[in-house]
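Inspection log for the structure reproduced underneath, given as structure tokens.
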Amino acid sequence: VVRAQFSARTLDSKPVKGRGDLVLYRIDYKNNEPVEKAVQEWRLDTDEEGGAIQSLTASKAGQYRLAYKVTDGQRHTIEGAYLFVVRGEGFDGKDFRFNEIELVPDKREYAPGEKVRLMINTDHADGTVLLFVRPANGVYLPPKVLRLKGKSTVEEIEVAKKDMPNFFVEAVTVYHGKLYSQMREIIVPPEKRVLNVEVLPSAASYKPGEAARVKIKLTDFFGLPFIGSTVLSVYDKSVEYISGGSNVAEIKAFFWKWRRHHSPATESSLDRAFPNLTPPKRLAMENLGIFGETVTDEVGDTSILLNGPASGRLGRGGGEMKGAMKRKSRRDGPMASAVGFAQADAAPMASMSLARESMDVEAESGEGSTAEGGGEVVQPTVRKDFADTAFWVATLDTDSNGVAEVSFKMPENLTGWKVRSWAMGQGTKVGEGTAEIVTVKNLLLRMQAPRFFVEKDEVVLSANVHNYLKTDKSVRVVLELDGGSLEAMGKATQTVTIKAGGEQRVDWRVKAVREGRAVVRMKALTDEESDAMEMTFPVSVHGMLKMDSFCGVIRRETNTASLVMTVPAERRINETRLEIRYSPTLAGAMVDALPYLVDYPYGCTEQTLNRFLPTVTVQKVLKDMGLDLKAIRDKQTNLNAQEIGDDRERAAQWKRNNPPNPGESRNPVFDEAIVTDMAKQGLKALTAMQLSDGGWGWFSGWGEQSSAHTTATVVHGLQRAEANGVAI
């Protein structure tokens, strides 16, 4: 039995649901050209995940092509196909065409003790094949010589435990003056390091808020119960749709990703190449076009770009196409797998119509307690417990039967949930399992609203009501607003008629009147089943934090200064303040900043210069102003105009101003001798850092390279130092 799987997806890996037509063709040959005949057809549509499965029986030997054509809702059609071989008694493949050499194992994975039935095909009848079994890292054991009768044969290879986790087979054949080779990797999963993890929910679907039970069962490779530790996570499946898939790597590959490696290494006397003979000082002939050996006229022919021309060859003297065009995927050979792949153009979801032709909307005053026609409505449970994760536990140990069980309350989201479990036990045996459950209602309401509101906004809130009941329903849809931040601008209750299996959208226009927390509650009421959901949204103030800054100067000849400002009328009084900052002189701020430069930890050219130059400049300014450096040092107050508070208390908090020993100061500006020594040491260092070309770079030494910018910075700094009394 051949089990064929199909997957239709867009280029961004989104599933495509559509009509599918599957055809099985038998391939015969006439004058060495393939002739196809349809032997069986199926109507096989893709599901919501874009997948489809079809089983068929291999009833007659031969070569077949399985073609699958998918048409999406926008009438985009794409076809995928796969070529495979059915062997029978006496099958030698002489009547069929193959690639030059093919290695096709009968399964994807093997266990120790099994046999690999390896089909070997060539496109040359009665040829000779050298089969290398278990080459590794370019090292080969002697090959087995296979003399084919026809074009195809099957070789059996025993699989041993030492073959875990993989081994390779490689085949070589020579005919018509050319050498052909192919390699295949045979996967043998580690049998004792793999756990089977069964995730068994108590039901396939639950009501919102219903208690759910999930059982985890662990068995080892031999099916025996296993005692181990598991992690269990139950989360909203739509999260994977947003993220593009799980962010957790496959656990077996994470722990047991060691594999043998092998790259074919072949040398042959047939590997000869002769370039064009070009006279001296003449231009040589080169390939045409941007695609190498493909010329411009062939760009539009995708069959040439992807598969080569009809003869299967391009280039010099019938040689094979180069690069990626020459090499076919290891899975391209016939019967490499009975799995095909179809890909369709993007099938965008049909946008929801806002038209109301089929909607019977009647505005009513008040919710009432009866349905249309006088029947009593079912009062719903208001759904408000929404979550992305329904359950998570980091440690869940199984008992002696390999079983662990948990129970939890389902959130009130109406969605699909992915249940995933990862397990580990003694000997680093690992495994993982998954299951899916859903929370459903026959009549459900989905709320559409912004994530937040701002005062003065006018917003449309929507309720999408789905009727999965067996009959048409008259549904009273109600909007309730709590918190005083939102106000409805129309009737809060509307009645719509929704057909069985259908849905309708109901809109309300609301206005954000004040900041706060707005509670939005929507209800869909019928006489058979009802639904309601509630969410809380923030309503932000229509405004912003704003700071207006003003500055002024009190000159020495005056005693006062004034400022004029406007106080906004619409403001929050408790968040409004007037703050005045002042400083007797900006020179004090320069003094406060110096310790941060002097103690800078690095020693590049720029920092070497700036370690002493600002100190020299500030000291010269203070001396020219006639200020007493000792009096400033003793005061040690906070002269920074950007800070407020007690000046001495703030100054005491500055660690860089606190000397390591009594009587010392971290700020050298108060001691002329220290500043003079700093300048001397800095000049000495800059002289040593000057490069061989006379300039300066970031550092000097091996690999030194001068910079025009750094050189200009140093020269300008030295000029400033000289202007402030430093001997250069």
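The values are calculated or read from the model by the stated rules, or taken from the named source; none is laboratory data. In this text the structure is predicted, and so the values were computed from the model without any measurement. Cβ sites come from the backbone with ideal geometry, for glycine too, and all protein chains shown count toward neighbours. Surface accessibility is based on the protein's heavy atoms, side chains included, excluding ligands, DNA and RNA. Shrake-Rupley method; radii C 1.70, N 1.55, O 1.52, S 1.80 Å.
Between the amide H of Leu44 and those of Gly20, Asp21, Leu22, distances stay under 5 Å, these residues lying 5 or more places away or on another chain, with hydrogens modeled in the peptide plane. Between Val513 and Thr471, the C-beta separation translates, for a Förster distance of 60 Å, into a calculated FRET efficiency of about 0.90. Restricting segment 529-560 to GluC sites (Glu not before Pro) that sit in a DSSP loop and have at most 16 other Cβ atoms within 10 Å of their own Cβ leaves Glu557.
For segment 495-519, the residues whose backbone nitrogen is under 13 Å from a point 7 Å from the Cα of Glu455, taken along Cα to Cβ, are 512-517.
Simple spin-label estimate for Ala160 and Asn31 gives 5.4 nm between the two label positions (7 Å along the Cα-to-Cβ direction from each Cα).
The lysines within cross-link reach of Lys684, meaning a Cα-to-Cα straight distance under 26 Å and a gap of 8 or more places when in the same chain, are Lys620, Lys623.
Across segment 1-93, Cα-Cα pairs more than 23 Å apart make up 32 percent of the total. Using a probe radius of 1.4 angstrom, the carbon and sulfur fraction of the accessible surface of segment 5-151 is 46%.
Considering all different alpha carbon pairs of segment 416-569, the Kirkwood hydrodynamic radius works out to 20.4 Å.
Using a 1.4 Å probe over the heavy atoms of the protein chains, calculate the carbon and sulfur portion of the accessible area of segment 373-530 as a whole percent. C and S fraction of accessible area: 46 percent. Between Ala708 and Leu56, the contour length at 0.36 nm per residue exceeds the alpha carbon distance by 227.0 nm. Amide H contacts of Glu436: Val419, each under 5 Å away and 5 or more positions distant or on a separate chain (H built 1.01 Å from N in the peptide plane; Pro and chain starts excluded). Applying 1/(1 + (r/R0)^6) with R0 = 22 Å to the Cβ-Cβ distance of Asp47 and Ile242 gives a FRET efficiency near 0.55.
Taking Cβ atoms as reference points and 11 Å as the exclusive limit, the residues near Asp126 contribute a net charge of +3, counting Lys and Arg as +1 and Asp and Glu as -1. Dimensions of segment 404-473 along the principal axes, based on C-alpha atoms and rounded to the nearest Å, stand at 63, 41, 17, largest first. Over all Cα atoms in segment 208-285, the spread is summed up by Rg and Dmax: 29.1, 87 Å. Going 7 Å from the Cα of Asp624 in the Cα-to-Cβ direction, what parts of segment 665-694 have a backbone nitrogen less than 20 Å from that spot? Hits in segment 665-694 for Asp624 at 20 Å: 669-673, 675-676, 679.
Can you pull the one-decimal nm distance between simple spin-label points at Val145 and Trp392, each 7 Å off the Cα toward Cβ? Result: 6.5 nm between the two label points.
Filter the GluC sites (Glu not before Pro) in segment 667-728 down to the DSSP loop ones having no more than 16 other Cβ atoms within 10 Å, then list what survives.
Of the GluC sites (Glu not before Pro), the ones in loops of segment 667-728 whose Cβ has at most 16 other Cβ atoms within 10 Å are Glu704.
If you plug the beta carbon distance of Ala38 and Ala265 into 1/(1 + (r/R0)^6) with R0 = 30 Å, you get a FRET efficiency near 0.10.
Extending 7 Å from the Cα toward the beta-carbon at both Arg556 and Phe255 defines two label points whose distance is 8.2 nm. Shape summary: segment 1-44 maps onto an equivalent ellipsoid whose semi-axes, from the alpha-carbon gyration tensor, are 29, 14, 10 Å in decreasing order. Counting only the Cα atoms, segment 504-560 fills a convex hull of 121 Å³ per residue.
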